[in-house]
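Here's the structure we're looking at; comments come further down.
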Amino acid sequence: MVNTNVTQSTFKLSKQWNGGQEGDTATVTATALQPGTAPVPLISTATSLANGTTGQSQSGMATVVSHGTSFTVTESIANASTSPAVYDTQLSCTNALVNGQTVTLNAAPGTQAECTMSNTLAALSIQKLASAPSDTNGSGVVGDVGDEITYTFTVTNTGGRIWPTCKSMMRC
């Protein structure tokens, strides 16, 4: 007697919102790089829970896949009523190797792999400061037409996104 029963491998997608704009919908899809393997989808919509202390999590169903299969994991975010917020994203997996957006499941039969796409609301603050008006036109009246006020803007990135370097006219 020959036992041909091989434990099946599975792949599951999960979504983690860490802060979010209520109503934003993320579609996470894992598309196999090998032909003949169906994509693994997950659709998650941010609710008020996304802004709680633990955020909001949602998991899809485990899908039977061939062990060792490689997938490209992509995400698109939309909102039916407004522009979606800007998020910092991170892909992490268990029982799979991650290289950018490409995920390769462990080669052992019976692998139960799970990848989580995390979105953290990008954190950017802008502070505007104004100097006192100066009597630039010499009229003796401060604040009339022709006087100057100097504005200073301070932009702080407290999120995980790296912004490009400042342009030559900006002081960073």
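The values are calculated or read from the model by the stated rules, or taken from the named source; none is laboratory data. All values reported here derive from a predicted model rather than from experimental measurement. Quick reminder, even Gly has a Cβ in these numbers, built from the backbone with ideal geometry, and neighbours come from all protein chains shown.
Is there any pair linking a residue in region 22-41 that is at positive phi to one that is surrounded by 17 or more Cβ atoms within 10 Å (Cβ to Cβ), with Cβ under 8 Å and at least six apart or on different chains, and which?
GLY23/THR45; GLY23/ALA46
Can you find a residue that is in a loop (DSSP other than H, G, I, E, B), modelled with pLDDT of 85 or more and not hydrophobic (A, V, I, L, M, F, W, C) anywhere in region 27-42? Walk me through how you get there before you give the answer.
Taking region 27-42 and keeping what is in a loop (DSSP other than H, G, I, E, B), we get 33-39.
Subset that is modelled with pLDDT of 85 or more: 33.
Remaining after also requiring not hydrophobic (A, V, I, L, M, F, W, C): none.
Taking every residue of region 27-42 in turn, none turns out to be in a loop (DSSP other than H, G, I, E, B), modelled with pLDDT of 85 or more and not hydrophobic (A, V, I, L, M, F, W, C).
Given the criteria under 15 Å from CYS115 (Cβ atoms) and either exposed (fewer than 15 other Cβ atoms within 10 Å of the Cβ) or not assigned by TED's automatic domain parsing to the domain that holds ALA108 (or both), does PRO35 qualify? Show your work before the answer.
Details: under 15 Å from CYS115 (Cβ atoms): no; either exposed (fewer than 15 other Cβ atoms within 10 Å of the Cβ) or not assigned by TED's automatic domain parsing to the domain that holds ALA108 (or both): yes.
No.
Need the failing condition index for VAL28 against (1) hydrophobic (A, V, I, L, M, F, W, C); (2) surrounded by 17 or more Cβ atoms within 10 Å (Cβ to Cβ); (3) over 13 Å from LYS12 (Cα atoms), just the number.
Failing condition for VAL28: (3).
Taking ALA108, is it in a loop (DSSP other than H, G, I, E, B), under 17 Å from the mean Cα position of the chain (by Cα) and not β-branched (Val, Ile, Thr)?
no
Tell me which residues, restricted to region 111-131, are of a type in the set (A, V, I, L, M, F, W, C), in a strand (DSSP E or B) and more than 17 Å from THR37 (Cα to Cα).
Within region 111-131, the subset of a type in the set (A, V, I, L, M, F, W, C) is 113, 115, 117, 121-124, 126, 129-130.
Right, trim to in a strand (DSSP E or B) and you get 113, 115, 117, 121, 124, 126, 129-130.
Of everything in region 111-131, those that are of a type in the set (A, V, I, L, M, F, W, C), in a strand (DSSP E or B) and more than 17 Å from THR37 (Cα to Cα) turn out to be CYS115, MET117, LEU121, LEU124, ILE126, LEU129, ALA130.
On the basis of being part of a strand (DSSP E or B), out of contact with any Cys (no Cβ under 6 Å at 6 or more places or on another chain) and surrounded by 11 or more Cβ atoms within 10 Å (Cβ to Cβ), does THR136 make the cut? I'd like the intermediate steps shown before the answer.
Details: part of a strand (DSSP E or B): no; out of contact with any Cys (no Cβ under 6 Å at 6 or more places or on another chain): yes; surrounded by 11 or more Cβ atoms within 10 Å (Cβ to Cβ): yes.
No, not satisfied.
Mind checking whether some residue in region 63-80 is more than 30 Å from GLN34 (Cα to Cα) and free of Cβ contacts under 8 Å to residues at least 60 places away in the same chain? Walk me through how you get there before you give the answer.
First pass over region 63-80, keeping only residues more than 30 Å from GLN34 (Cα to Cα): 79-80.
In the following step, the residues that additionally are free of Cβ contacts under 8 Å to residues at least 60 places away in the same chain were identified as 79-80.
Yes: region 63-80 contains one or more residues that are more than 30 Å from GLN34 (Cα to Cα) and free of Cβ contacts under 8 Å to residues at least 60 places away in the same chain.
From the list ALA108, ALA96, which residue is more than 30 Å from GLY19 (Cα to Cα) and of a type in the set (A, V, I, L, M)? Lay out the reasoning, then the answer.
Values: ALA96 fails: more than 30 Å from GLY19 (Cα to Cα).
Matching residue, one of ALA108, ALA96: ALA108.
Looking only at residues that are hydrophobic (A, V, I, L, M, F, W, C) and closer than 21 Å to ILE43 by Cα in region 103-121, which one is surrounded by the fewest Cβ atoms within 10 Å (Cβ to Cβ)?
Only one residue fits best here, namely LEU121.
Are any residues in region 59-74 outside any loop (DSSP other than H, G, I, E, B) and either among the hydrophobic types (A, V, I, L, M, F, W, C) or buried (at least 19 other Cβ atoms within 10 Å of the Cβ) (or both), and if so, which ones? Give the steps one after another, and end with the answer.
In the first step, residues of region 59-74 are kept if they are outside any loop (DSSP other than H, G, I, E, B); the result is 59, 63-65, 70-74.
Correct list: VAL64, VAL65, PHE71, VAL73.
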